[in-house]
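Written below as structure tokens is the structure these notes are about.
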Amino acid sequence: MSQEPSAPLAAPAKRMNRTQFQRFVLLAVGGAPLAWDIGFNLGAFQNISYERTFFVIAAAIGLVLALLVIGGQGQDLFELQRRDTLLLPIPLIWLITTLSLSAIVGRGHWALVLVQIGGILIVFFFWLPYAATILFRILQPDAKRLSDLQRQQLAAIIVFVGVLGWLVGHNHFLFLSCEEFKASGYDAPANCVPLDSFGD
């Protein structure tokens, strides 16, 4: 009587090696504060402060110019693809488009507002995570890339922190007083709670 072959054992889940783990943690820790800051500002003030916007644009310009200066050598060293050279200048293109459109149609025109809002959404929610992976690949060229699942997990962590930041910003009166906003250099939100009535 022939014995039927036993079913193959399920393959164990692939574990991250030390380098992949370090990369994953660094990207999560690096992205989380920015996601929190953006979320908090959207929750408390319904906008993103100009310092964060210009910081991102300046970083984008520096990265694009550095890659242009080193040219094809950089593409070979860091495995940059053609799509990377097209996507990396997005904040710079957004800045030039905004300036040009403002000069043509004026500051209050609906087309300029649309470009500004669309640009902010694209830059902060698509370009930033993308550019972070490119920058990390350049700074850590020997590290193995994260798998698709790990990238999804990383994106979920950063989105979660951003949503949590928005919730705290939206409910800032539970955590912060008007005076604390002012001491940090922010204008106090309209519905902030004065320090002397905080906790009542």
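How charged is the neighbourhood of residue 188? Take every other residue with its Cβ under 10 Å from the Cβ of residue 188, and add Lys/Arg as +1 and Asp/Glu as -1. Within the 10 Å Cβ shell, the charges total -2.
What does the charge count near residue 34 come to, summing +1 for each Lys or Arg and -1 for each Asp or Glu among other residues with Cβ under 13 Å from its Cβ? Result for the neighbourhood of residue 34: -1.
Taken together, the values in this text are just the output of simple stated rules run on the coordinates, not laboratory data. This is a predicted model, so every value here is computed, not measured. Neighbour counts run over all protein chains shown; Cβ positions are idealised from the backbone, glycine included.
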